[in-house]
Every structure is written in structure tokens, then in C-alpha cells.
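> Got a structure for you, written out below as C-alpha cells; questions coming shortly.
The values are calculated or read from the model by the stated rules, or taken from the named source; none is laboratory data. Keep in mind that what you see is a predicted model, and the values were worked out from it rather than measured. As a convention, Cβ positions derive from the backbone with ideal geometry for all residues, glycine included, and neighbour counts pool all protein chains shown. Protein only, heavy atoms only, side chains kept; ligands, DNA and RNA dropped before computing areas. Shrake-Rupley method; radii C 1.70, N 1.55, O 1.52, S 1.80 Å.
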Amino acid sequence: MPQSPAPQLWQPLAIGSVRVDPPLCLAPMAGVSDEAFRIIAKDYGCGLVFTEMVSSRALCYGNRHTEEMLEFSDAVRPIAVQLFGSEPDVMAQAAARVEKRWRPDLLDINMGCPAPKVVANGDGAALLKDPARAVAVAAAVVRAVHAPVTVKMRSGWDQSAPDTAVDLAQRLQDAGVAAITLHPRTRSQFYGGHSDWSLIRRVKERLQIPVIGNGDVATPEDALTMWQQTGCDGIMIGRGALGAPWIFREVQHFLRTGSLLPPVSAQERLSVALRHLRLAVAQKGERVAVPEMRKHLAWYLKGLPGAARIRQQINQIATYPDLEALLRSLLSDLA
Ligand SMILES: Cc1cc2nc3c(=O)[nH]c(=O)nc-3n(C[C@H](O)[C@H](O)[C@H](O)COP(=O)(O)O)c2cc1C
């Protein structure tokens, strides 16, 4: 039975002067949300893409690999570049450099990464333990750039301070931040359990700036439920897009019409996998792209007959022509 559509969600999201239409975002994902994946997500109707998180310190040192992560094409705009770091002056300097050279539409600050090597430096989710520093970082970045500045945060460090998200989000808004994305898990939860969407509602009720809800949206129905339960202004999808970038088309269709699209065909899965591979090789070269693409190809193949065997074959392949030939032969088997 079709559920009632939610046309109001299709108000484009306005983040400062930046229009996000539809209000669906591809999450920043280290090792995943590179230019190849962003192009594909965009083609399936994603309204805003994020880069992988980039170190503010590495940028200030002029690290070449870090700079390469910031290359993007106009076709994927609007785009947010996500920076991590906890020194206000370093973050401000990095943000100003990024704005001058790459001109992203938005600058996003990471206040959610739970990785031990990141929090050990006081960065990412560690900022949630030090709200004064988090606000100082945001204020410094806001002062340093013209583009709107956004923050992506978790709900807190651990369960001991349940109001962290609401209080910090308010202070970040006061510091000039133009939108907040909330992934309502604490740092100590990592990816365990289910995200607590009631916190998205609480933050939305408190703030005037847009709030983007994130966490555990894996189907069109999840997107509708998150929106109905929280009143969020936009929805961000991470893991639900892995090997399934068409989720943006599916969510958009469901929220517009109340009906579900038929599942994506095996042909489409394989064709998109092939395109993703081609884009990745064009961007990064065979030597880097082929090993990186193995995980994406495994995600695309999930659920197809013989997926485990094909995955093993893929893991043995070291060159682009061989990988392309394998995907082509799988496609022609389907014809
Ligand atoms: C492989 C991977 C890499 C991630 N890298 C980042 C990152 O660079 N910056 C960030 O803010 N969040 C990062 N995240 C968190 C996601 O952006 C998102 O908040 C989280 O996965 C919850 O959303 P989901 O349930 O839709 O996946 C990453 C998540 C995954 C699975």
C-alpha cells in the first residue's frame, strides 16, 4: 500500500545562499565518497555531495595527496568540502586555502569521526567533549571564509551528557554556522545499535538554521519515517548508498509519489559498477583505482547469483582491462 507522500520535504534546502534540491545528501565517507562516487550519486538525483574528510593540518603543510582529494568537477555542485581538526587557527587557514583554490559551495567541519587516531589528536568526535573549543573552531572558520559553514556532528562523546547535541548545536548556530547535520550516535557507540532520531527532532526544534538528519536511512521508507519523526530539513545517506547509489532516485520517487520503484535490475547494477570503475580509473589511475574498487564491486554484486565466487575472481585481478572484461562478460551473460 502506498504511504502518503511527503511533498513538503521537497522544499529545496537553503543553506545560506546555497540551494540543495532535492534535500538529499551523500554522506562524507573516507575512502568512499570520492569524485567517481559523487558523480554517480549526483546522476541518481542526490542534491548535495560531501568530500571525504580532509585534514586541516595536512592542508596547511601542502600535502599533495590531501590536495588531490579536493579535486572535483562543476558537475557535482553543490559540494561541501569537509575538514577535520581542532586548532581554530589551523582550521581557519585550511578553510581559507580551500575556498581560494577549490571554491566549494560549502565548508563542513567534522565533529563526529570516532576513529582512535583522529580523536587522539582532539579532532572529530573529541570536539564534543570540549564544546568551547568546538565553538571556537567553528567561529574561526566562519570568519575565514565567505561560503556558508556547516557542521556534521554526533550526539555526544558518551551517554554521560545527553544534552550535548542540542546545546552544542545552539552554540554553533550562534557562532554563525549555517546548517547542522546530526548523526545521533555517541562516539562510544561507534556504529552499534540504532541512531536515536528523537535527538534530530530536539535539535530541529531548538534551531533556526536547517538540520540535516543522518543515520540508518537504508530504504525510501526509512527516509519518510525519519522525516516524519524529526521534521528535519534534509536527509543524509551514507552506508545505504554503498553499492546502491540509486537510493537517491528511489527515495526521491517515494517521497514524491508514495509508491516504490521496482528493485534495480542486475543489468543496471553491473552497468553502474562498470561506469564507477571507469570513472575511478580515469580519476586516479589503474594502480590506485583497481584495488580501491574491489570493495565497491563487492557491494554492487551483493545479492546477485554467484556473488561470492565473482568476488574471489575480482580479488585476483590486478588490471583495469581484466576487471572490465569480467564485468562485461557478466553483463553479456545476463543479456
Ligand atoms: C566508510 C565510512 C567512512 C566515513 N567517513 C566519514 C567522514 O570522512 N566524515 C564524516 O563526517 N563521517 C564519516 N562517516 C560517517 C557517515 O558520514 C555517516 O555519518 C554514518 O555512516 C551514519 O550514516 P548512515 O547510517 O547513513 O551510514 C563514514 C562512514 C563510513 C561507513
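> If each residue of separation counts as 0.36 nm, what is the full-extension length gain between L261 and Q312 once their alpha-carbon separation is subtracted? Let's see the in-between values first.
Working: separation 51, 0.36 × 51 = 18.36 nm, distance 3.13 nm.
Full extension from L261 to Q312 adds 15.2 nm.
> Taking Cα atoms, how many degrees apart are the long axis of helix 286-301 and the longest axis of the chain, rounded to 10 and kept between 0 and 90?
Orientation of helix 286-301: about 80 degrees from the principal axis.
> Ordering R77, R187 by accessible area with a probe of 1.4 Å, largest first, what comes out?
The ranking, largest first, comes out as R77, R187.
> Also: Pulled fully out, how much extra length does the chain show between L304 and R275, if you take 0.36 nm times their separation in residues and subtract their Cα-Cα distance?
Stretched fully, the L304-R275 segment lengthens by 8.6 nm.
> Right, next: Whats the longest run of the chain with zero chymotrypsin sites (Phe, Trp or Tyr not before Pro) that are DSSP loop and have at most 16 other Cβ atoms within 10 Å? Could you put the intermediate results ahead of the total?
Details: sites that count: Y61, F190, Y191.
Here the longest run is 192-335.
> About the Cα centre of the chain, how large is the charge dipole given +1 on each Lys and Arg Cβ and -1 on each Asp and Glu Cβ? Please answer in debye to the nearest 20.
Roughly 260 debye, rounded to the nearest 20.
> Residue separation times 0.36 nm, minus the C-alpha to C-alpha distance between S198 and E324: what's the value? Intermediate values should be presented prior to the final figure.
Values: separation 126, 0.36 × 126 = 45.36 nm, distance 4.51 nm.
Extending this stretch completely gives an extra 40.9 nm.
> Mind checking the angle between helix 220-230 and the chain's longest principal axis? C-alpha axes, 0 to 90 degrees, to the nearest 10.
10
> With axes computed from alpha carbons, what is the tilt in degrees of helix 266-284 against the longest principal axis of the chain, rounded to the nearest 10 within 0 to 90?
On a 0 to 90 degree scale, this one is about 60.
> Ok, one more. Would you please name the GluC sites (Glu not before Pro) within the range 48-138 that are DSSP coil residues with at most 13 other C-beta atoms within 10 Å of their C-beta?
Numbers: sites: E52, E67, E68, E71, E99; in loops: E52, E71.
Passing sites in the range 48-138 are E71.
> Student exercise: in the chain, how many lysine pairs 8 or more apart or on different chains have Cα atoms under 18 Å apart?
Close lysine pairs found across the chain: 4.
> Karplus couplings for the range 185-199 from phi (6.51 cos²θ - 1.76 cosθ + 1.60, θ = phi - 60°), rounded to Hz, Gly and Pro as x?
The phi angles translate into 10, 7, 4, 6, 7, 6, 10, x, x, 10, 5, 9, 5, 4, 6 Hz.
> For A27, enumerate residues with amide H under 5 Å from its amide H, sequence gap 5+ or separate chain, H modeled in the peptide plane.
Residues meeting the amide H criterion: I237, G238.
> Also, I was wondering about something else. Working with all protein chains in place, sort V288, V217 by solvent-accessible area computed with a 1.4 Å probe, largest first.
Descending order: V288, V217.
> If amide H atoms are built 1.01 Å from N in the plane of the peptide, which residues on other chains or at least 5 residues away come under 5 Å of the amide H of T150?
Under 5 Å from the amide H of T150 lie the amide H atoms of L107, D108, I109, A178, each far enough along the sequence or on another chain.
> Can you run phi through the Karplus equation (6.51, -1.76, 1.60; θ = phi - 60°) for the range 311-323 and list ³J(HN,Hα) in whole Hz, with x for Gly and Pro?
Once rounded to whole Hz, the list reads 4, 4, 4, 4, 5, 8, 8, 10, 10, 5, x, 5, 5.
> Just want the answer: with Cβ charges of +1 for Lys and Arg and -1 for Asp and Glu, which residue in V76, G213, L168 is farthest toward the dipole's positive end in the chain?
It is V76.
> Would you mind pulling out the separation of the Cα centroids of the range 78-118 and the range 274-335, in Å?
Cα centres, the range 78-118 to the range 274-335: 32 Å.
> So how strong a dipole does the range 235-328 carry about its Cα centre when Lys and Arg Cβ are +1 and Asp and Glu Cβ are -1, to the nearest 20 debye?
Using Cβ point charges on Lys, Arg, Asp and Glu, the range 235-328 gives about 120 debye.
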